[in-house]
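K.L.:
The following block contains the structure, expressed as structure tokens.
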Amino acid sequence: MPIEIRLKEEVNYTGKEPGSIGEAIVKQVFNNDNVEASLGIRVREDVVVREKTILLAMKRYITRKREGCGEKTNSGRIIAREKWLEVVNAQIWDQICAEDFGDTIAALARKKGYDVNNLEDTEIEDLLKTMYIQIWENDFQMMIQFGDTTIDKTPPAGDKSTWTEAQKDDYSKRLTLSIIDGFWTLALKGVGLEDDDPDKIKRAVVVPGGALPANYTRDIFLPGLYEAQPRGMAKTPNSEKLYVLSTSLYNNLAASLRNYTTTGEKALNYFVDGTGTISFEGITISRNDDIEEEVETFKRRGYLTVKGGFEVGTDTHQVSQVMAAWFDRNTDLNNIQIRYKIGMQYADGDVTVVGY
């Protein structure tokens with residue numbers, strides 16, 4: 001893998017942290033430890049507009065036998081290329097009518113008199129904030145995994161009032177996922193590149209259709225990814241890598257471990273600790289239930305990655321990047337707004353091996 005040099009562009013850091021509520025929300029949604037532990041993706045919280053990465057590499061085998069004075073080898077050559085981690089603005093902004101809670105137990109928490117529709121400083125507002133944090137966190141996770149800027153954003157035919165709930169949900173999902181290219185969009189594009197392209201990602205295993213054979217994940221999928229690692233990735237300590245498996249592949253492995261019939265030597269390749277964590281060759285295996293629920297093709301898929309090889313950029317240092325809630329007396333509506341930035345990129349094809 002090449003050496004990385006990062007250069008900031010258009011930095012306008014204000015030097016201020018978000019205030020109490022906003023900071024707590026940001027730490028939950030952009031939880032770097034959680035995202036890296038479950039997906040192997042690192043969250044960068046300091047990308048304001050974009051960041052340039054210069055990747056430096058050199059040819060190997062440049063040493064020559066010395067024959068005399070003044071002799072130069074001139075066989076080494078630095079190879080440099082640039083990649084950008086760019087972020088775009090995203091937001092959630094909903095307006096809520098307090099009368100929606102009029103026929104529920106929550107009506108007891110509403111204010112009285114002329115302020116009856118103002119939910120500020122009520123238990124309902126606290127509940128809504130909690131819900132919107134969870135929605136935001138889910139949207140963030142879906143975008144960084146399945147985002148695709150080529151998704152068709154054409155709305156359903158007819159007036160909005162005639163749309164079915166399924167049409168509304170599908171259109172809303174397409175609008176969210178079209179904001180950025182996520183992991184799988186970038187990875188599948190990488191698989192389609194020419195072999196000599198430094199961004200080429202290797203598809204090491206082709207998962208068969210139909211029912212998975214017994215022990216498939218244990219005997220075929222995991223070793224297939226492991227043995228296909230590029231040179232630089234193979235030299236990276238296994239403790240810095242992560243396997244991510246879709247539900248079917250993970251369950252196939254779990255069944256193998258429950259019905260172990262292999263030799264003791266092979267069993268040493270696997271370990272289940274007290275928390276139920278499974279590893280292969282010392283690499284933790286993460287189960288991902290989102291994949292088979294969200295994708296339409298190649299539902300059974302997984303990858304082996306160097307943690308941090310794929311990065312999500314955001315900027316949690318901007319004052320505007322918080323959740324705001326306020327009541328607009330002109331419209332009699334309660335507003336909840338969340339602003340943030342998001343983008344994704346990977347270093348080069350040496351950081352990940354996929355199978356699907």
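Since every read-out is calculated from the coordinates, none of them should be taken as a lab result. What you are looking at is a predicted structure, and each value in this text was computed from that prediction instead of being measured. As a convention, Cβ positions derive from the backbone with ideal geometry for all residues, glycine included, and neighbour counts pool all protein chains shown.
K.L.:
So if R0 is 35 Å, what FRET efficiency would residue 149 and residue 335 give, r being the distance between their Cβ atoms, rounded to the nearest 0.05?
P.N.:
On the way: r = 28 Å, r/R0 = 0.81.
Calculated value: 0.80.
K.L.:
Related question: Between residue 292 and residue 164, with labels modelled 7 Å along Cα→Cβ, what's the label distance in nm to one decimal, could you check?
P.N.:
Placing both labels 7 Å along Cα→Cβ, they lie 2.6 nm apart.
K.L.:
Using a Förster distance of 25 angstrom, determine the FRET efficiency expected from the C-beta separation of residue 92 and residue 157, and round it to 0.05.
P.N.:
Details: r = 26 Å, r/R0 = 1.05.
That gives a FRET efficiency of 0.40.
K.L.:
Continuing with the same structure: Could you work out how much longer the chain between residue 234 and residue 81 gets when fully extended? Use 0.36 nm per residue separation minus the Cα distance between them, nm to one decimal.
P.N.:
Details: separation 153, 0.36 × 153 = 55.08 nm, distance 2.24 nm.
Residue separation times 0.36 nm, minus the Cα-Cα distance, leaves 52.8 nm.
K.L.:
Calculate the spin-label point distance for residue 50 paired with residue 134, positioning each point 7 Å from the Cα along the beta-carbon direction, and give it in nanometres.
P.N.:
A separation of 3.8 nm, rounded to one decimal place.
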